[in-house]
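Below is one structure, written out as structure tokens, with a few remarks after it.
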Amino acid sequence: MSTCLCDAFFDDVARATVEVLEFFGCTVDFPENQTCCGQPAFNGGDWKAARTVARHQAHAFAGDQPVIVPSGSCAAMVFHGNLLAFEKETDLPEMEDFARRTWELCDFLVNGLGVEAIPGRYQAKVAVHNSCHTRGSGTGAAMDKLLRSIDGVEVVKIGEPEQCCGFGGTFSVAFPNISSSMGKIKIENLQQEKPDLVVSGDMSCLMHMRGLAQKAGVDYNAQHVVQLIRDALRNEGAL
């Protein structure tokens, strides 16, 4: 599942996801009729629209294959939100199956495929942002394991690692001043050890913080974690 943000802003994240999955032996199918996960409508209280989108996605990804998402936020919507959005009892088994088969990318690599290490090389001091939506899942520990396995990567500690970046989807629209203030605090914490790169498993967080940093004139180099993994494999000649 490529997500709206891959489609609109982060097309390279989608490409990197395919490359990394194929490197680890997966055959990737991309349903062309896929669309949004439904979270914007769901968070905005438009449950009718959320139900429509959720059912469409379940139909688009029908079958028994795992559904891999390079976004903790969109994956969490499928895990939890879609189950709340069903309209009829007859919808529930289909939505439960869709939720059961859906994985955030790093979680899938480590806990689905059993990847123990990335056989790549990337020389950088890296700060990691774990998004709120990945809490309670295997994503944070999986991302940390994969990054620390890459030759040359130094993962640095950051202050207040549990702090939200302030984006929160529609929260940033409804409460822009609070959202911006939270984002600025997060950027300061991520930058305190002067990392070469900030990584996250959520494009929405990256987009929000990158925009705030650019507006403030702050040098802020950030990537999705799968882009770093892909580049590390390329540096070692594995891709």
Inside the range 146-163, can you point out the residues that are at pLDDT 95 or above and under 18 Å from the mean Cα position of the chain (by Cα)? Leu146, Leu147
Scan Leu113, Leu105 and give me the residue that is surrounded by 22 or more Cβ atoms within 10 Å (Cβ to Cβ) and modelled with pLDDT of 95 or more. Leu105
Looking at the range 131-153, which of its residues are part of a loop (DSSP other than H, G, I, E, B), touching a helix residue (DSSP H, G or I) at 6+ places or on another chain (Cβ under 8 Å) and surrounded by fewer than 22 Cβ atoms within 10 Å (Cβ to Cβ)? Ser137, Gly138
So if I check each of Ala16, Ala54, Ala50, Ala75, which one is crowded, with 20+ Cβ neighbours inside 10 Å, in contact (Cβ under 8 Å) with a residue 40 or more places away in the chain, over 23 Å from Arg210 (Cα atoms) and hydrophobic (A, V, I, L, M, F, W, C)? Ala54
Whichever residue in the range 138-175 is touching a residue at least 40 places away in the same chain (Cβ under 8 Å) and in contact with a Cys (Cβ under 7 Å, 6 or more places away or on another chain) and, among such residues, is farthest from His208 (Cα to Cα): Leu146
Got at least one residue in the range 156-170 being at negative phi, in a helix (DSSP H, G or I) and either not small (Gly, Ala, Ser) or not assigned by TED's automatic domain parsing to the domain that holds Val198 (or both)? no
Quick check on Asp231: is it surrounded by fewer than 17 Cβ atoms within 10 Å (Cβ to Cβ) and at pLDDT 95 or above? no
Residues being surrounded by 22 or more Cβ atoms within 10 Å (Cβ to Cβ) and either touching a strand residue (DSSP E or B) at 6+ places or on another chain (Cβ under 6 Å) or part of a helix (DSSP H, G or I) (or both): count how many of those fall in the range 38-47. 2
Tell me yes or no: at least one residue of the range 182-193 is among the acidic types (Asp, Glu), surrounded by fewer than 20 Cβ atoms within 10 Å (Cβ to Cβ) and within 20 Å of Gly166 (Cβ to Cβ). yes
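The values are calculated or read from the model by the stated rules, or taken from the named source; none is laboratory data. Computed from a predicted model, the values in this text were never measured in an experiment. Cβ atoms come from the backbone with ideal geometry, glycine included; neighbour counts cover every protein chain shown.
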